[in-house]
1. How many residues, within region 323-346, are in contact with a helix residue (DSSP H, G or I) (Cβ under 8 Å, 6 or more places away or on another chain) and within 27 Å of H435 (Cα to Cα)?
2. Please go through region 209-235 and give me each residue that is near the ligand (Cβ under 10 Å from one of its atoms) and touching a strand residue (DSSP E or B) at 6+ places or on another chain (Cβ under 8 Å), ordered by number.
3. Specify the residue that is surrounded by the most Cβ atoms within 10 Å (Cβ to Cβ); the eligible residues are those in region 411-425 that are more than 16 Å from the ligand (Cβ to nearest atom) and closer than 12 Å to A368 by Cβ.
4. Of the residues N72, N43, N9, which is of a type outside the set (D, E, K, R) and either in contact with a helix residue (DSSP H, G or I) (Cβ under 8 Å, 6 or more places away or on another chain) or under 19 Å from Q120 (Cβ atoms) (or both)?
5. Has region 424-447 got any residue that is modelled with pLDDT under 95, aliphatic (A, V, I, L, M) and either more than 24 Å from I204 (Cβ to Cβ) or assigned to a strand (DSSP E or B) (or both)?
6. All but one of (1) more than 23 Å from the chain's Cα centre (by Cα); (2) at pLDDT below 95 hold for H303, so report the exception by its number.
7. In region 454-480, which residues are among the small types (G, A, S) and either surrounded by 16 or more Cβ atoms within 10 Å (Cβ to Cβ) or in the same structural domain as H48 (by TED's automatic domain parsing) (or both)?
8. Return the residues of region 85-107 that are part of a loop (DSSP other than H, G, I, E, B), within 9 Å of the ligand (Cβ to nearest atom) and under 27 Å from R190 (Cα atoms); say none if nothing qualifies.
Amino acid sequence: MSLKEKTVNDLSAVLGAENIISDDEAIRVADPIMVRTYAKAFNYIPEHSPLCIAKVSSAEQVSKTLKYCNDNDIHVIAKTGASSSEDQLLVIDDRTIFIDGAPMDRIVKIDTENMVVTAQCGAPIAVIEEKLNAMGYTLGHAPQSLPLASMGGLVATRSTGQFSTYYGGIEDLVCGLEAALPNGEIISVRPVPRRAAGPDLRHIAIGSEGALVFITEITVKIFKWYPDLMWKGGYIIEDFKTGVAAVRDVMARGYRPSVVRLYDKTDVDHNYGSVKLKNDEAFMFFTVEGPEGIPGAHGEAIHRIALSRGAEYIGTKAVDHWFLTRNRICDTIGTEKEYVKFRETNVYNATLEICSNWEQIGSIYDEARLTLPERFPELVMLGGHVSHSYMNGTNVYFVYALKMDDPASAHLLQYRFVDAICEITLKYDSATTVHHHGVGKMRVGRIKEELGSSFALLKMMKQAVDPKNIMNPGCLIPLE
Ligand SMILES: Cc1cc2nc3c(=O)[nH]c(=O)nc-3n(C[C@H](O)[C@H](O)[C@H](O)COP(=O)(O)OP(=O)(O)OC[C@H]3O[C@@H](n4cnc5c(N)ncnc54)[C@H](O)[C@@H]3O)c2cc1C
């Protein structure tokens, strides 16, 4: 009996045959190879396929499936929304199954007294947000992939949302969680407002990218939602660097916008569309949320700061356009429409998000924009925007387009390009190569440099929690 037959038989006995997808064509359709969607458009078949996709509907089923895999040396990739972008879900050998947590989609409890919501890992974030909005609350977490992503994946990738400058990233929102260890043991970190009982064990799961535990349930904060009170302001500013200086002024002085976005001209011309810029001009906008009194007060101060940096106020039309179109890309990803475009143009568009302190961000942006076009003749566009800002620094979201000659090796070109941006970023001592998409298998080659001496701790953690390395091998932590 082949390994595939045995695994399918054994897991069918554990979960029921109706919960195991094993047919090759069905796997191919369900197999999420996000980054490889370009190759998919040309009917390229990936080198490795999962043995099967096991659908789970309870923590107990997750536990039994993991224990089976651990005992039988079967590798496991956890998935929920399948929208991750750094090859987290790429199968790299012939002994891997997907554990699909999408059926675990229950909202367990919305607790407006204690301002938290508890949901299973497969609960789509869009469904929770819609429910909360109808009640006058919000999760405060709105990734661009909101129509696609689910709670488990969001926590496991340490995701951040478009309103993060006010609400924080997912790490600021998770109060407690339940997870299954590779040996099948179920552990729970009780949700509390704050805890000083040793290191924060939530972080074993947050950002673990399926390489340590399978998250089954999560409790996150909720916030009162005041959409009608939102303050918005759009500006054109002399250039990207002046825009960064204005954003720094806003953040360092202690104002709390919810969205802060600053686009360079290339990004505006290729991806934005609703603003016309001249020369090196940049487009910048802010929103402020909160209860009565706060949006107006912070908004007016932000407006004064923008004008003091020479920005021209252009009203709110372009901001409203962003609100209308901010998740639109999710409608076409992985669809025939996108595939047709790939086949017609041979061009693949993608993004990469790095982050640094205020002092270094401009130099990283300049170095990438100056040096990469020379190194990569395939590069047809490279721009960037700032979208997540902090008191002590900000991110740059590089947007790029590569002309791909060969679909089968397109991902290698993308890996080389991503690595080149990481290489530049790592020259700066207050910068990180990964702001919020996670490491995956795409950036894992740089993780040792990224973490420096503390990489040893991550490795020890992996060895302690997952000694047989069954959990998403090669993701987050490089293979030996
Ligand atoms: C168009 C687009 C826009 C995006 N915008 C953003 C953005 O604004 N902000 C942002 O942060 N990200 C963004 N992303 C990336 C992606 O949406 C996030 O990484 C998201 O968190 C993935 O959630 P998911 O449910 O789709 O997870 P999946 O893709 O299913 O999985 C992601 C990772 O988490 C692991 N995982 C999944 N479920 C579990 C579980 N139950 N237990 C343990 N591990 C698990 C997987 O093994 C994998 O490593 C974007 C992606 C796309 C395609």
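1. Number satisfying all stated conditions: 4.
2. Initially, region 209-235 is screened for residues near the ligand (Cβ under 10 Å from one of its atoms), giving 209-218.
Result: G210, A211, L212, V213, F214, I215, T216, E217, I218.
3. From region 411-425, those more than 16 Å from the ligand (Cβ to nearest atom) are 412-413, 415-417, 419-425; that's our starting set.
So of that shortlist, the ones also closer than 12 Å to A368 by Cβ come out as 417, 420-425.
Values: F417: 21, A420: 17, I421: 23, C422: 22, E423: 13, I424: 21, T425: 25.
Filtering first and then ranking leaves T425.
4. Details: N43 fails: either in contact with a helix residue (DSSP H, G or I) (Cβ under 8 Å, 6 or more places away or on another chain) or under 19 Å from Q120 (Cβ atoms) (or both); N9 fails: either in contact with a helix residue (DSSP H, G or I) (Cβ under 8 Å, 6 or more places away or on another chain) or under 19 Å from Q120 (Cβ atoms) (or both).
Of N72, N43, N9, the one residue that is of a type outside the set (D, E, K, R) and either in contact with a helix residue (DSSP H, G or I) (Cβ under 8 Å, 6 or more places away or on another chain) or under 19 Å from Q120 (Cβ atoms) (or both) is N72.
5. Among the residues of region 424-447, not one is modelled with pLDDT under 95, aliphatic (A, V, I, L, M) and either more than 24 Å from I204 (Cβ to Cβ) or assigned to a strand (DSSP E or B) (or both), which makes the answer no.
6. All conditions pass for H303, except number (2).
7. Keep residues of region 454-480 that are among the small types (G, A, S), which gives 454, 456, 464, 474.
Within region 454-480, just G474 meets the criteria.
8. G101, A102, M104
The values are calculated or read from the model by the stated rules, or taken from the named source; none is laboratory data. Every value quoted in this text rests on a predicted model; they were computed, and no experiment measured them. Cβ sites come from the backbone with ideal geometry, for glycine too, and all protein chains shown count toward neighbours.
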